[in-house]
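The values are calculated or read from the model by the stated rules, or taken from the named source; none is laboratory data. Keep in mind that what you see is a predicted model, and the values were worked out from it rather than measured. Every residue, glycine as well, gets a Cβ built from its backbone with ideal geometry; the counts of neighbours run over all protein chains shown.
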Amino acid sequence: MKRVIVDYSKLTTDILDLLVEKYPDGYDHSDIISFKNSKGETVKAVEVRTDDTLFLVKISSQLQQTMEDYDSDDDDDDDRDDEFDEIEVSDNFDND
């Protein structure tokens, strides 16, 4: 399995979907993984998996906000159908 470390600023919508699905109420301390990167720095991340890849998403206050904003945007998209009124379209009209 491939392991990929991802910073919040480089998240794709696919990874955001996985994060919001796995952590719908946000992540907590028990979800955080700590490890040393190649520079010897301690990195804290949460993980999400696909069939062939383990994504370790670095945590930060920006990650939490990005997840919340993305989830809100998804909720807004679901409500958009209600914002349009149904209209009748006629084939008979003049373009003069």
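Checking Lys39, Lys22, Lys2 one by one, the residue that is more than 12 Å from Leu56 (Cα to Cα), out of contact with any helix residue (DSSP H, G or I) (no Cβ under 7 Å at 6 or more places or on another chain) and modelled with pLDDT of 90 or more is Lys22 and no other. Quick check on region 1-36: of everything there that is surrounded by 14 or more Cβ atoms within 10 Å (Cβ to Cβ) and over 12 Å from the mean Cα position of the chain (by Cα), which residue is farthest from Phe55 (Cα to Cα)? My answer is Tyr27.
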